[in-house]
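Read the structure below first, then the notes.
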Amino acid sequence: MLKGWPQHLRALGAIFRKDLQVFMSYPVNAVMRILEPLMWMTPVYFMARSFAVDGVNIGLRAYTGTTDYVAFFVLGAAISSYVSAVFWGMGFALKNEMDTGVLESNWLTPAPLLVQMLGRSLFSLFLTTVNMLMIGCCVWLLFGFEFTGRVLPALLTVAPLLVALYGFGLGLAGVVLITNNANNIIDLVSNNITILSGAHFPVTVLPRPLLAISLALPLTYAYDAVRGQLLGTTTLMPIAMAQAILVAFMFVTVTAGLIVFGRIQDRCRQMGTLAHH
Amino acid sequence: MSRAMVEVEELRKEFPRRGKSRQDPPVVAVAGVSFEIPQGEIFGLLGPNGAGKTTTIKMISTLLKPTSGSVRVAGKDAIRYPIQALRHLGTVLSGERSIYWKLTGRENLEYFAALYGLPARVARQRINALLDRFALTKRADENVERYSTGMRQRICLAKALLAEPDVLMLDEPTAGLDPQSARNLRDLIREVKSEGRTVLLTTHYMEEADQLCDRVAIFDHGQIIALNSPGALKHDLDDLNVLEADIARWDDAWGAALQERGAVNYDLRFDETARVHRLTVHLNGHLTTGEAVTELVNLGADIRQFSLKSPSLEDVFIRLTGKSLRE
Ligand SMILES: Nc1ncnc2c1ncn2[C@@H]1O[C@H](COP(=O)(O)OP(=O)(O)OP(=O)(O)O)[C@@H](O)[C@H]1O
Ligand SMILES: [Mg+2]
């Protein structure tokens, strides 16, 4: 038997492959899932065009300094897709396996639970990446957009965010283990955060009370900083500061996520609620 | 002397009562059981519904944390080092949903082989061998949802054997199988034993425990009320005659009368197909079988047929608890 890292990598690979196989066993759904993002992109583009005056989006420029709403939106959509991939990836997969009854079989193997959790997010990350690449290509082919900034520093900004999301997703997965209403919880948390953190619009348009909430969400700074880096928008705060906030956020959520997940997993073993229906 | 592969000591599990206040006493699912299973033995947990068999298996397989007590698997402390213990354990829980129905049999085995940490090449060889051995090769690339219950059970067994575990645990392995598939599965379990593996299984079919197990622990209300080989358990009832009679109508007063006359025990259940009450009476020297039959006839019982049986594990259970194993 493999031990240590080779064992973990093999388990991760197998979980990814299994999820891919299950995904492919519903072909219509698979095609839909891949094409879907293109469908919701199109109206956004034409809406943005209709708001523009002489091809220039004056309102957006006043708020952000850029007039390219499509690029502004695509970037936001990309980040928020990854956010929900990590949310759904773990919690939803867990819920699913609990309902079908295979979760206990997984827990009966010597693959550590954290590795199993991580594995459950890989396929949705992959699918999101496929979606984003497709959208990127289409948008670029059809409408064209240019980044004024460099991509690498922007990726460095989102890296701690992604790790932070794992912490969050892990904690949420823990909650899923002891509640029956996983979908509702995930939807509620995910949607509200996406809206309030400015995935689709500059948060500065929000009324004061909502803006206050928005500014309390580290995710807001991720959208803001990445747009600043790639599109040259005016940012809420210096980019370095946003990056620092994201790194701090990463440590907090990962620690909290591990603690919550560990506690709840322990509780499951105490109460025997792993297989409830 | 072979060493103990499973050691369970004073194992206890309490569940808080759902939706009640904290002051309510908890449900005691397992009330302190101890046993040791030497290598190469088939050990059975036999008991009625709710006796605590599944809970015991889940504690040994690390899915449940015991309230107190200890578990060792192949010498490893399963409570403190679950992953270590899991490397020596193959477990099949009851229910057919423990594998992915949307994957093929082979894909399922490939997936779990990886989770058990088998290198790809080793996994491939073992999967082919297991598929062959369990007569699944022909259907290996079909989705599990199209399998019969017996085939699914065999895939689950193959899954549990992938890592060549020292200990194989099976929760109600033959439940829901037709007699032919059940016999087939019991043969496979004997084969596993012949490879030197230790088998722990639960069942509430006493014939199964009798045929299959080297030793049986009889569970009731979370406790082991007897533990021995089936032969020895039945031998303890040597002084006992077992009368079985099919009766058209039953009156509880008759049972009381039989006991008054010296019957040790009696048990009754209704046979749905024959539409008769099947009465089992335990007798020792105080009342002979002939006297018992006469007594019943005098009381007005319409006896369709009767026979004498040698004691079974069921009779052991009735003798120990005063009730029947299957309800
Ligand atoms: N997660 C749980 N929460 C609360 N009570 C439980 C839980 N699991 C089992 N129990 C209770 O513990 C007792 C023992 O259950 P267990 O499933 O171990 O019995 P069993 O011998 O396997 O029975 P069966 O033959 O029905 O499978 C039962 O009274 C059951 O209701
Ligand atoms: Mg059970």
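Given an 8 Å cut-off on Cα distances and at least 6 residues of separation, report the relative contact order of the range A:5-271 as a percent.
Worked out over the range A:5-271, it gives 27 percent.
Can you give me the Cα centroid spacing of the range B:205-242 and the range B:80-95 in angstrom?
So the two Cα centres are separated by 27 Å.
Sticking with the crude label model, points 7 Å out along Cα→Cβ, report the distance from residue A:184 to residue A:35 in nm, one decimal please.
Distance between label points: 3.4 nm.
Of A:236, A:142, A:133, which is the most mobile in a GNM of chain A whose springs link Cα atoms less than 10 angstrom apart?
Highest fluctuation of the listed residues: A:142.
Out of residues 5 or more away from residue B:61 or on other chains, whose amide H comes under 5 Å of its own, with H placed 1.01 Å from N in the peptide plane?
Long-range HN contacts for residue B:61: none found.
List the aspartates and glutamates whose alpha-carbon lies under 16 Å from that of residue B:309, not counting same-chain residues fewer than 8 positions away?
Cross-link targets: B:207, B:210, B:236, B:238, B:239, B:244, B:246, B:267.
Among A:51, A:73, A:201, which one moves the most in a GNM of chain A with springs linking Cα atoms closer than 10 Å?
A:51
Quick one: order A:186, B:224 from most to least accessible surface, probe 1.4 Å.
B:224, A:186
Carbon and sulfur: what percent of the range B:269-327's accessible surface (1.4 Å probe)?
50
Quick check for me: using +1 on Lys/Arg Cβ and -1 on Asp/Glu Cβ, what's the dipole size of the range B:239-310 about its Cα centre, in debye to the nearest 20?
Once rounded to the nearest 20, the dipole reads 140 debye.
Need one number: buried accessible surface between chains B and A, 1.4 Å probe, both sides summed, DNA, RNA and ligands left out, in Å² to 100.
Interface between B and A: roughly 3300 Å².
Along the Cα-to-C-beta direction of residue B:238, a point sits 7 Å from the Cα; which residues of the range B:251-293 have their amide N less than 19 Å from that point?
So the set is B:283-286.
Give me the percent of the accessible area of the range A:5-271 that comes from carbon and sulfur atoms, probe 1.4 Å, all protein chains in place.
Accessible surface attributable to carbon and sulfur in the range A:5-271 totals 71 percent.
Give me the angle, in degrees from 0 to 90, between the Cα long axis of helix A:27-51 and the longest principal axis of the Cα atoms of chain A, rounded to the nearest 10.
Approximately 20 degrees, to the nearest 10.
Only bridges whose two residues both fall in chain B count here: according to DSSP, what percent of them are antiparallel, nearest 5?
About 70 percent, rounded to the nearest 5.
Could you state how much accessible area residue B:14 has, in square angstrom rounded to the nearest 10, with a 1.4 Å probe and all protein chains kept in place?
Accessible area, nearest 10 Å²: 60 Å².
Report, by chain and number, residues whose modeled amide H sits under 5 Å from the one on residue B:199, excluding near sequence neighbours (fewer than 5 apart, same chain).
B:40, B:41, B:42, B:43, B:168
For the peptides B:87-98, B:64-75, B:298-309, what is the packing order when you average, over each peptide's residues, the other Cβ atoms within 10 Å and list the highest mean first?
The densest-packed peptide leads the list: B:87-98, B:64-75, B:298-309.
May I ask you to work out the translational diffusion coefficient for chain B at 37 °C, viscosity 0.692 mPa s, via Stokes-Einstein with Rh from the Kirkwood sum over Cα pairs, reported in whole µm²/s?
150
Mind giving me the nanometre distance, one decimal, between the label points for residue B:273 and residue A:271, set 7 Å out from Cα along Cα→Cβ?
In this crude spin-label approximation the distance works out to 4.3 nm.
For the pair residue B:146 and residue A:152, what calculated FRET efficiency results from E = 1/(1 + (r/R0)^6), where r is the Cβ-Cβ distance and R0 = 51 Å, to the nearest 0.05?
The value I calculate is 0.55.
Arranged from highest to lowest average of other beta-carbon atoms within 10 Å per residue, in what order do the peptides B:120-127, B:158-165 appear?
Sorting B:120-127, B:158-165 by mean packing, highest first, produces B:158-165, B:120-127.
What lysines could a cross-link reach from residue B:58, if we take a straight Cα to Cα line under 20 Å and drop same-chain neighbours fewer than 8 places away?
In chain and number order, the partners are B:13, B:76, B:159.
Can you work out the Karplus-derived ³J(HN,Hα) for every residue in the range B:300-309? Use 6.51 cos²θ - 1.76 cosθ + 1.60 with θ = phi - 60°, whole Hz, and x for glycine or proline.
Working through the residues one at a time gives x, 6, 9, 7, 7, 7, 9, 8, 9, 10 Hz.
What ³J(HN,Hα) values, in whole Hz, does the Karplus curve 6.51 cos²θ - 1.76 cosθ + 1.60 give for the range A:228-239 when θ = phi - 60°, with x put for Gly and Pro?
Running phi through 6.51 cos²θ - 1.76 cosθ + 1.60 with θ = phi - 60° gives x, 6, 8, 10, x, 6, 6, 9, 5, 8, x, 4 Hz.
Return the average number of partner chain Cβ atoms within 10 angstrom of each residue Cβ along peptide B:82-94.
Mean partner shielding for this stretch: 3.
How much of residue B:314 can a 1.4 Å solvent probe reach, expressed as accessible area in Å² and rounded to 10?
About 10 Å², ignoring ligands and nucleic acids.
Using a 1.4 Å probe and counting only protein heavy atoms, arrange B:286, B:235, B:277 so the residue with the most accessible area comes first.
B:286, B:235, B:277
Between the alpha-carbon centers of the range B:244-299 and the range B:171-196, tell me the distance in whole angstrom.
Cα centroid to Cα centroid, the span is 35 Å.
Considering the range A:5-271, what Rg and Dmax in Å follow from its alpha-carbon atoms?
Cα only, the range A:5-271: 19.6, 65 Å (Rg, Dmax).
Which whole-Hz ³J(HN,Hα) couplings does the range B:233-239 yield from phi under the Karplus relation 6.51 cos²θ - 1.76 cosθ + 1.60, θ = phi - 60°, glycine and proline marked x?
So the J values, rounded to whole Hz, are 4, 6, 4, 4, 9, 3, 6.
Once neighbouring chains are kept in place and the probe is 1.4 Å, which whole percent of the accessible area of the range B:147-190 is contributed by carbon and sulfur?
Here carbon and sulfur together make up 43 percent of the probe-accessible area.
Check each of the GluC sites (Glu not before Pro) in the range B:244-284 and keep only those in coil by DSSP with at most 12 other C-beta atoms within 10 angstrom; list them in order.
B:272
Per-residue Cβ counts within 10 Å, from other chains only, averaged over B:115-123: what number is that?
Whole-number average of other-chain Cβ neighbours for B:115-123 is 6.
Can you sort B:178, A:224 by 1.4 Å-probe accessible area, starting with the largest?
B:178, A:224
Sorting check: for A:26-38, B:47-59, which peptide has the highest mean count of neighbouring beta carbons within 10 Å, and how do the rest follow?
By packing density, highest mean first, the sequence is B:47-59, A:26-38.
Residue by residue through A:8-21, how many Cβ atoms from other chains fall within 10 Å of the Cβ on average?
Other-chain Cβ atoms within 10 Å of each residue's Cβ, averaged: 4.
Rounded to the nearest 10 Å², what accessible area does residue A:162 show when all protein chains are kept and the probe is 1.4 Å?
Residue A:162 exposes around 60 Å² with every protein chain in place.
At what distance in angstrom do the alpha carbon centres of the range B:31-67 and the range A:72-113 lie from each other?
33
Identify which of A:85, A:256, A:71 has the largest mean-square fluctuation in a Gaussian network model of chain A, with springs joining Cα atoms closer than 10 Å.
Looking only at A:85, A:256, A:71, the largest GNM fluctuation is found for A:256.
Let me have the 222 nm mean residue ellipticity of chain A computed from DSSP H runs of 4+ only, each contributing -39500 (n - 2.57), with the sum over all residues rounded to the nearest 500.
-27000 deg cm²/dmol
Sequence neighbours fewer than 8 away in the same chain don't count; with that in mind, list the aspartates and glutamates whose C-alpha is under 15 Å from residue B:138.
B:107
Rounded to two decimals, what is the ratio between the C-alpha radius of gyration of the protein assembly as shown and 2.2 N^0.38 Å?
Rg over 2.2 N^0.38 Å, computed on Cα atoms: 1.26.
Write down the accessible area per residue of the protein assembly as shown in Å², having rolled a 1.4 Å probe over the full set of protein chains.
Here the residues of the protein assembly as shown average 46 Å² of exposed surface.
Can you give the charge dipole size of the protein assembly as shown about its Cα centre, rounded to the nearest 20 debye, using +1 on the beta carbon of Lys and Arg and -1 on the beta carbon of Asp and Glu?
The calculation lands at about 2120 debye.
If you place +1 on the Cβ of every Lys and Arg and -1 on the Cβ of every Asp and Glu, how big does the dipole about the Cα centre of chain A come out, in debye to the nearest 20?
Dipole magnitude for chain A comes out near 440 debye.
The values are calculated or read from the model by the stated rules, or taken from the named source; none is laboratory data. In this text the structure is predicted, and so the values were computed from the model without any measurement. So basically every Cβ, Gly included, is an ideal-geometry build from the backbone, and we count neighbours across all protein chains shown. Areas reflect the complete protein model, heavy atoms only, side chains present, ligands, DNA and RNA absent. Shrake-Rupley method; radii C 1.70, N 1.55, O 1.52, S 1.80 Å.
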